[in-house]
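Below: the structure, in structure tokens.
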Amino acid sequence: MATRVIIVRHGQSNYNVKKLIQGRNNESVLTEKGRRDAQKVGNSLSLLPIDVMYCSPLQRAKATAEIIHSRLLSRPSLFAINQLMEIDLPLWEKRNKLEVAKIFKTEYQFWKERPHEFKMVLPTSEGKKEHFPVLALYQQAKKFWKEMIPQHQGKNLLIVAHNGINRCLIMSAVGISPERYHSIQQSNCCINILNFSGNWGESVQLESLNQTSHLGIPIPSTRSYKNHLRFLLVRHGETEWNRESRFQGVRDISLNENGKKQAQKTADFLKEIPLNFAVSSPMLRPKETAKIILQYHKDVRLESKTQLQEICHGLWEGKLESEIEVDFPGLLAQWKNSPETVQMPEGENLQQVWDRAIICWNQMVEDYSKSPESKTGIIVAHDAINKVILCYLLGLKPRDFWNIKQGNGGVSVIDYPQGIKGAPVLQAINLTSHLGSGILDQTVAGAL
């Protein structure tokens, strides 16, 4: 039985409002908005069977945790522990971010561009000491997992902490390198979900990242950049073969009635977001999904990219898992445990899918970055395609394919704040609350 971990960032603090660096400074407190948002988190989690809660001892996180705890019907035990404290930035704390960028120009550039190499030189009684904040925080997160996961096998854990430590908890669990520290977003009072398949060191699935719908924010807002580029990566709605867990691959299966409803709910979810472009796989199920979304965006033309079609399962297509096991004994287990090693019989391997999807993705980033104006568009594709794109953006490899979840109708948000010249930011992954299932992805776990 999997161990589910829900990770929440604390509510808005007075330091957040003033754009002051908080770190481990404990003077920062929740604003009224922060307290209201914490109540909203508690309401959204109230019916879930939470077995235990952990929070940072810093008051902004602890206060958030206490507000959430007061709304949980399961009334779990709540523990404040030091392993969930925020990143330690002693030379920068209480300073405005713009001030830090000006006074510590070289260090701040390292912080932004090479966070895993960023260091502070701190005076001590024995002389100067080098402190690597991101690396230290990453190790802190790993230590937390190694101690806590064995204690709570098969349970539901709720963690309330901070921007930095939340990032490192997610990254270290899924296998993302600390150099990608700035690649994932954590909004105040956001919700993230991880599923541990077993003990520490075994597979961990990132079910969702940076959910904010419970706060009345469908997707995180964009920042003001000259040529900001945003992709809304969508998985197609459900098909009958998804429902049956039958392998589809390149079989051109259309949406079932539930899939059409999911596409409509996704369309309503994205209705108020101005779109400038739309791209889909040429296959029926993503094209149908994209066209339903575009009913509210009449001026946007849908383009198709053949590189975005689903993985070809070859002789597996049309079959259930039980049938595949009979015809190809042991290969299905290999696909689940070491997907990068499997050559689909008369089909593709994962590296081939990876190569064509990433070439297509990078070409789209380059093409849409040429505009001097900011642009937002939808990319509608498949489970395997979306997974390899997200793995690539997170610095993961084909072997990590199962570490990312993609539900039917799920939406992921990827920003390029500086266009092709800058690194991407994963603002959100696998948002499915618009489908009516609350914070959990309850779409069918059908075959690809």
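What number of residues within the range 1-24 are in contact with a strand residue (DSSP E or B) (Cβ under 9 Å, 6 or more places away or on another chain), assigned to a helix (DSSP H, G or I) and under 12 Å from ASN96 (Cβ atoms)?
Counting residues in the range 1-24 that are in contact with a strand residue (DSSP E or B) (Cβ under 9 Å, 6 or more places away or on another chain), assigned to a helix (DSSP H, G or I) and under 12 Å from ASN96 (Cβ atoms) gives 1.
Among the residues of the range 143-160, count how many are closer than 25 Å to CYS189 by Cβ and of a type outside the set (Phe, Trp, Tyr).
Result for the range 143-160: 9.
Within the range 114-121, identify whether any single residue is in contact with a strand residue (DSSP E or B) (Cβ under 6 Å, 6 or more places away or on another chain) and either surrounded by fewer than 12 Cβ atoms within 10 Å (Cβ to Cβ) or among the hydrophobic types (A, V, I, L, M, F, W, C) (or both), and answer yes or no.
Yes, the range 114-121 contains at least one residue that is in contact with a strand residue (DSSP E or B) (Cβ under 6 Å, 6 or more places away or on another chain) and either surrounded by fewer than 12 Cβ atoms within 10 Å (Cβ to Cβ) or among the hydrophobic types (A, V, I, L, M, F, W, C) (or both).
Collect the residues in the range 392-425 that are part of a helix (DSSP H, G or I) and either of a type in the set (Phe, Trp, Tyr) or under 27 Å from ASP268 (Cβ atoms) (or both), keeping them in residue-number order.
If the condition is that a residue be part of a helix (DSSP H, G or I) and either of a type in the set (Phe, Trp, Tyr) or under 27 Å from ASP268 (Cβ atoms) (or both), then TYR392, LEU393, PHE401, TRP402 are the ones that fit.
Any residue in the range 375-390 that is without any contact (Cβ under 8 Å) to a residue 60 or more places away in the chain, within 23 Å of ILE170 (Cα to Cα) and of a type in the set (Lys, Arg)?
The answer is yes, given that some residue of the range 375-390 is without any contact (Cβ under 8 Å) to a residue 60 or more places away in the chain, within 23 Å of ILE170 (Cα to Cα) and of a type in the set (Lys, Arg).
Please identify the pairs in which a residue from the range 320-341 that is closer than 24 Å to GLU202 by Cβ has its Cβ atom under 8 Å from the Cβ atom of a residue that is acidic (Asp, Glu), counting only partners at least 6 apart or on another chain.
Close Cβ pairs (under 8 Å, with a partner that is acidic (Asp, Glu)) amount to LEU332/GLU321; LEU332/GLU325.
Among (1) farther than 13 Å from ALA381 by Cβ; (2) touching a Ser or Thr at 6+ places or on another chain (Cβ under 7 Å), there is one condition ALA290 misses while meeting the rest; what is its number?
If we test ALA290 against (1) farther than 13 Å from ALA381 by Cβ; (2) touching a Ser or Thr at 6+ places or on another chain (Cβ under 7 Å), just (1) comes out false.
Taking helices (runs of 4 or more DSSP H) that fall entirely within the range 81-179, which contain at least 1 residues that are within 20 Å of ALA2 (Cα to Cα) and of a type in the set (Phe, Trp, Tyr)?
In the range 81-179, the matching helices (runs of 4 or more DSSP H) lie at 133-148.
Which one of LYS336, LYS319 is in the same structural domain as SER254 (by TED's automatic domain parsing) and surrounded by 15 or more Cβ atoms within 10 Å (Cβ to Cβ)?
LYS319
Given the residues GLY34, GLY42, which is the only one that is buried (at least 17 other Cβ atoms within 10 Å of the Cβ), at pLDDT 95 or above, among the small types (Gly, Ala, Ser) and in contact with a Gly (Cβ under 7 Å, 6 or more places away or on another chain)?
GLY34
Take the conditions touching a Gly at 6+ places or on another chain (Cβ under 8 Å), surrounded by fewer than 17 Cβ atoms within 10 Å (Cβ to Cβ) and assigned to a helix (DSSP H, G or I) and apply them to ARG243. Does it pass?
yes
Does GLU310 satisfy the criteria of being on the phi < 0 side of the Ramachandran plot, part of a strand (DSSP E or B) and not hydrophobic (A, V, I, L, M, F, W, C)?
Criteria not met by GLU310.
Quick check: is even one residue across the range 246-253 within 25 Å of LYS291 (Cα to Cα), touching a strand residue (DSSP E or B) at 6+ places or on another chain (Cβ under 7 Å), in the same structural domain as LEU294 (by TED's automatic domain parsing) and part of a loop (DSSP other than H, G, I, E, B)?
Yes.
Output the number of residues of the range 15-46 satisfying the condition of being among the small types (Gly, Ala, Ser) and out of contact with any helix residue (DSSP H, G or I) (no Cβ under 8 Å at 6 or more places or on another chain).
2
Would you be able to say whether some residue in the range 318-331 is in a helix (DSSP H, G or I) and within 23 Å of the chain's Cα centre (by Cα)?
The answer is no; no qualifying residue exists.
The values are calculated or read from the model by the stated rules, or taken from the named source; none is laboratory data. Keep in mind the model is a prediction, meaning the values are calculated, not measured. All Cβ positions, even for glycine, are placed from backbone atoms using ideal geometry, and neighbour counts span all protein chains on display.
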